[in-house]
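Structure record follows, encoded as structure tokens.
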Amino acid sequence: MKNPLRDFLARIIWDEKFRKREFKIMFVSRGAPNNIETISTNQLVSVGKNGFEYNTENGERKYIPFHRVREIIDTKTGRRIFSKEKSIYDFKV
């Protein structure tokens with residue numbers, strides 16, 4: 001079964017046109033303010049079957065399962081690409 005969130009994040013890494021764009025990914029992170037952490041897609045390292053890895057500001061690599069992702073926002077336009085709470089799944093960019 002296809003996973004549109006996975007496909008979108010993989011496209012950011014591999015598609016030259018998308019690599020030039022920047023999106024914000026917000027995900028559940030226990031201990032972060034309001035239990036939400038925000039990263040730039042420029043920090044993405046890899047996308048797997050069930051989640052993605054990113055480099056932290058300290059240079060550590062962290063794994064985030066897809067079910068923890070809450071929103072993805074296009075930083076240029078401010079448009080919500082994905083919102084779990086508002087049921088927005090608009091991966092056409």
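Assorted remarks:
- Segment 4-50, residues that are more than 17 Å from Thr75 (Cα to Cα), of a type in the set (Lys, Arg) and either exposed (fewer than 13 other Cβ atoms within 10 Å of the Cβ) or more than 13 Å from the chain's Cα centre (by Cα) (or both): Arg30, Lys49
- Residue in segment 30-50 that is in contact with a Leu (Cβ under 8 Å, 6 or more places away or on another chain) and of a type in the set (Ser, Thr, Tyr) present: yes
- For segment 14-24, the criterion of being assigned to a strand (DSSP E or B), touching a residue at least 40 places away in the same chain (Cβ under 8 Å) and not small (Gly, Ala, Ser) is met by at least one residue.
- Among the residues of segment 51-79, just one is of a type in the set (D, E, K, R), surrounded by 15 or more Cβ atoms within 10 Å (Cβ to Cβ) and closer than 17 Å to Phe18 by Cβ, namely Asp74.
- Number of positions in segment 37-80 that are within 16 Å of Phe8 (Cβ to Cβ), assigned to a strand (DSSP E or B) and of a type outside the set (A, V, I, L, M): 11
Read-outs throughout are calculated quantities, based only on the coordinates presented, and are distinct from any laboratory measurement. From a predicted model like this one, the values you see are computed outputs, not experimental measurements. FYI the Cβ positions are ideal-geometry reconstructions off the backbone, even for glycines, and counts take in every protein chain you see.
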